[in-house]
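> Just dropping this structure here.
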């Protein structure tokens, strides 16, 4: 049996329908919509936003603790900006928000904006076709940027 340790998301729903999704898929989808990650550690299911402020656990030095490495860097998933859009039926107007980029710790000598800019990665728009609050749309756009920065 699993115990749960979950951080609250930024949006509260009175009800949510789990339609044609396993429990695991539903948990992961809801966490992703809030910019959170899901971890299973021992017998605890932990749902939390990524902590970009931590210090490195290991330091490697080429030729000393690291003798050979083969890696690939792909910046095509590094979006410069994410906009969220939805239609407000009550106001009969388009609602738009800009995603807020997380302060991710640096991974080398290039940041996410530089990687995306060097490759001319276009800005991304996430659209929601349902009736959602602006706070939920903001969380959706922010989550897309978190996912991009972790990619």
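> Is one or more of the residues making up the range 103-118 touching a strand residue (DSSP E or B) at 6+ places or on another chain (Cβ under 7 Å) and outside the structural domain of residue 26 (by TED's automatic domain parsing)?
No, the conditions are met nowhere in the range 103-118.
> A follow-up question, please. Could you check, for the range 12-28, whether at least one of its residues is closer than 30 Å to residue 119 by Cβ and surrounded by 10 or more Cβ atoms within 10 Å (Cβ to Cβ)?
Taking every residue of the range 12-28 in turn, at least one turns out to be closer than 30 Å to residue 119 by Cβ and surrounded by 10 or more Cβ atoms within 10 Å (Cβ to Cβ).
> Okay, next question. Among the strands (runs of 3 or more DSSP E) confined wholly to the range 3-102, which include 1 or more residues that are outside the structural domain of residue 124 (by TED's automatic domain parsing) and without any contact (Cβ under 8 Å) to a residue 60 or more places away in the chain?
By residue number, 3-6, 37-41, 44-48.
> Name every residue in the range 112-135 that is part of a helix (DSSP H, G or I) and either more than 17 Å from residue 95 (Cβ to Cβ) or within 14 Å of the chain's Cα centre (by Cα) (or both), in order of residue number.
Residues satisfying the conditions are 112, 113, 114, 115, 116, 117, 118.
The values are calculated or read from the model by the stated rules, or taken from the named source; none is laboratory data. Please read all numbers here as calculations on a predicted model, not as lab measurements. FYI the Cβ positions are ideal-geometry reconstructions off the backbone, even for glycines, and counts take in every protein chain you see.
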